[in-house]
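Engineer: Here it is: the structure, laid out below.
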Amino acid sequence: MKRHALTTRLWHWVNAIAFIVLFMSGLNISNAHRFLYWGDYGFDPADAWLVVQRFPAWMTIPQRYDLAESRDWHNLSAWVFALGLFVMWVMSLINRHFARDIATTKSDWSPRNWLTAIKEHARPGAHGDRSYNAVQKIAYGLVLGVGLPMMIATGLAISPGFEVIAPWLVDVLGGRQSARSLHFLFAWGLAGFVLIHLVMVLWSGPLTQITRMITGGKRSGEINA
């Protein structure tokens with residue numbers, strides 16, 4: 001029995017590519033108007049709650065300022081991102097990946113268990129063959145259940161004309177400009193998660209971890225962290 005199901009592995013790599021394209025094209029879109037607001041309207045820099053720095057060309061897609069092309073890349077990747085997440089959730093419920101590996105128990109929310117998990121991660125390679133610990137369950141649960149869905153919801157809310165289709169979503173998010181600010185914040189929050197994830201992969205044995213995410217590895221009683 002595989003440690004990582006085929007659907008999990010496919011989603012992992014497809015989602016990784018989609019997120020990179022979304023993030024880099026999003027930085028190009030951000031360069032078009034670097035001011036963030038709260039509420040329904042916002043255009044005056046004096047009313048902005050945050051002025052975003054201008055991102056260099058090497059961080060953006062395309063690697064020059066082109067709002068139209070960056071939007072094309074962003075919209076195309078958004079479909080891959082959204083459909084992939086939907087399939088991932090359906091398959092995780094069917095193959096019990098969510099119930100077995102991600103769903104938390106009362107004890108997982110104990111600060112003592114969080115401290116134990118952090119201590120385990122402080123030892124290089126010590127957690128590579130163990131099941132998800134409390135911190136990982138909560139982190140992955142928040143990313144899959146909150147972060148990624150909110151990226152999709154806020155992205156839809158700021159899409160031109162979408163408020164005509166589902167005005168309730170824009171209202172729930174506090175207005176189109178609030179949705180834009182939340183979209184920016186969640187994007188950087190997920191980028192931070194990805195960075196921590198990569199650091200932990202390097203810390204726990206990158207060759208083994210990457211190989212398992214390609215081949216699936218072998219399940220030996222417990223799942224891979």
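Engineer: Which helices pass in the chain if a helix is a full DSSP H run, must span at least 30 angstrom along its long axis by Cα, and must have mean Kyte-Doolittle hydropathy not below 0.0?
Structural biologist: Span-like helices here: 6-32, 67-94, 176-204.
Engineer: To the nearest Å, what is the center-to-center distance of the range 163-186 and the range 38-99, using C-alpha atoms only?
Structural biologist: The two parts, judged by their Cα centres, are 13 Å apart.
Engineer: Starting from the coordinates of the alpha-carbon atoms of the range 44-166, obtain the Kirkwood hydrodynamic radius over all distinct pairs and give the value in Å to one decimal. Present the calculation step by step, with values, prior to reporting the outcome.
Structural biologist: Details: mean 1/r = 0.0547 Å⁻¹.
Taking every pair of different Cα atoms in the range 44-166, averaging 1/r and inverting gives 18.3 Å.
Engineer: What is the gain in length, in nm to one decimal, between Arg34 and Val201 on full extension, counting 0.36 nm per residue of separation less the C-alpha to C-alpha distance?
Structural biologist: 56.8 nm
Engineer: Now, a different point. For the chain, what is the calculated [θ] at 222 nm in deg cm²/dmol (nearest 500), taking -39500 (n - 2.57) for each run of four or more DSSP H residues and dividing by its residue count?
Structural biologist: Here the helix-only value at 222 nm equals -19500 deg cm²/dmol.
Engineer: State to the nearest 20 debye the size of the charge dipole of the range 1-159 about its Cα centre, where the only charges are +1 on K and R beta carbons and -1 on D and E beta carbons.
Structural biologist: About 900 debye.
Engineer: Using the number of other C-beta atoms within 10 angstrom as an exposure proxy, rank Trp188, Trp73 with the fewest first. Please report the intermediate quantities before stating the final value.
Structural biologist: Values: Trp188 13, Trp73 20.
Ranking Trp188, Trp73 by Cβ neighbours within 10 Å, fewest first, gives Trp188, Trp73.
Engineer: What base-10 log of the normalised intensity I(q)/I(0) is obtained for the range 97-195 from the Debye formula, alpha carbons as equal point scatterers, at q = 0.15, 0.18, 0.21, 0.23 Å⁻¹?
Structural biologist: -0.72, -0.87, -1.01, -1.11
Engineer: I've got another one for you. Quick check: convex hull of the Cα atoms in the chain, volume per residue, rounded to a whole Å³?
Structural biologist: Once divided by residue count, the hull of the chain is 150 Å³.
Rule-based calculations on the coordinates, nothing more; no lab input. Values in this document were obtained by computation on a predicted structure and should not be read as measured data. All Cβ positions, glycine included, derive from the backbone under ideal geometry; neighbour counts span all protein chains shown.
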